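Working notes, beginning with the structure itself.
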Amino acid sequence: METLHVPPTGEPSLGDLSLRVLDHISAMVAYWDTDQRCRFANQAYRQWFGRSREEILGMSMRELLGPIYPLNLPHILAALRGEQQIFERAIPTPSGEIRHSITTYTPDLVEGVVRGFFVHVADVSPLKVTQQEMRKAQQAAEDASRAKSAFLAHMSHEIRTPMNAILGLTQIVSGTPLDPQQADYLRKITAAGRSLLGILDDILDFSKVEAGKLVLMRRE
């Protein structure tokens, strides 16, 4: 014969312990019946909506959620059809603060019949703040990279114009009568100018890489 364990006098029952555990977790937990009335709400859930235990028990979901009820209604009806729902929502607190949450509606199925649904809400506001800060930092970095690329492209074009003029003039001068020393100077000026143009081309290519506009050409 199976022996049942009967807790000693004063020892909390398993049901009492379960309720105490639910009241001490940070996530919001509640149970709603098929009439969309609250049958259980833990302390975190009550505090979020600023309701006492007496106020929230028996309250309709429409009354509690207020303006966000129409947004949640498709998920509520789906849960009452036996379909689990997971969604993200921004919920205003009674103080007017906007908090971000991930909500799960889990149907309470007994022999294929939905008797209600469990609600689990996790406050992810700190994570949202971190994500927003990361997006801002990424956007700032991308803006700085684009500005740098634009500056490099502009400056390389600005330098290229007078450099082409210098190379053109040296070519013209090289066609005139010159002594060996003068001709050597012109050859060195031309070599230095072409080397500088190569550096400018590299700068332009670098700016194109950062801007995602570099086109590779195949050479046979």
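The values are calculated or read from the model by the stated rules, or taken from the named source; none is laboratory data. What you see is a predicted model, and the numbers here were worked out from it, not measured in a lab. Note: ideal-geometry Cβ built from the backbone for every residue, glycine included; neighbour counts use all protein chains shown. Please note that ligands, DNA and RNA were not included when accessible areas were found on the heavy atoms of the full protein model with its side chains. Shrake-Rupley method; radii C 1.70, N 1.55, O 1.52, S 1.80 Å.
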Check which residues have an amide H placed less than 5 Å from R99's amide H, if you skip close sequence neighbours. I91, T93
In nm, spacing of pseudo-spin labels at A165 and E88 (7 Å Cα→C-beta vector): 5.6 nm
Residue-wise, which Karplus ³J(HN,Hα) couplings in Hz belong to the range 33-45, taking 6.51 cos²θ - 1.76 cosθ + 1.60, θ = phi - 60°, and x for glycine or proline? 7, 5, 8, 6, 10, 6, 10, 7, 8, 6, 4, 4, 5
Do any trypsin sites (Lys or Arg not before Pro) in the range 16-73 lie in a DSSP loop with no more than 10 other beta carbon atoms within 10 Å, and if so, which? none
Mind checking Rg over Rh on the range 46-96, alpha carbons, Kirkwood formula for Rh? 0.99
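When the dipole is taken about the Cα centre of the range 26-85, and only Lys, Arg (+1) and Asp, Glu (-1) are charged at their Cβ, what size is it in debye, to the nearest 20? Show your work: numbers first, answer last.
Details: 7 positive and 6 negative charges, 16 e Å.
For the range 26-85, the charge dipole is close to 80 debye.
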Heavy atoms of S174: accessible area, 1.4 Å probe, square angstrom to 10: 70 Å²
When the Karplus curve 6.51 cos²θ - 1.76 cosθ + 1.60 is applied with θ = phi - 60°, which whole-Hz ³J(HN,Hα) does each residue of the range 138-147 get, with x for Gly and Pro? 5, 5, 5, 5, 5, 5, 5, 5, 5, 5
At a 1.4 Å probe radius, which order do K188, K148, K136 fall into by accessible area, largest first? K136, K188, K148
So for H75, H157, what's the accessible-area order with a 1.4 Å probe, most first? H157, H75
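Give the dimensionless ratio obtained when the Cα radius of gyration of the range 104-196 is divided by 2.2 N^0.38 Å.
Values: Rg = 34.5 Å, N = 93, 2.2 N^0.38 = 12.3 Å.
Ratio of Rg to 2.2 N^0.38 Å for the range 104-196: 2.80.
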Read phi for every residue in the range 79-89 and hand back ³J(HN,Hα) as whole Hz from Karplus 6.51 cos²θ - 1.76 cosθ + 1.60, θ = phi - 60°, with x for Gly and Pro. 4, 6, 8, x, 10, 5, 10, 10, 8, 9, 8
What are the residues whose amide H is under 5 Å from the amide H of D108, where those residues sit 5 or more places off or on another chain and H is modelled from the backbone? R115, G116, F117, F118
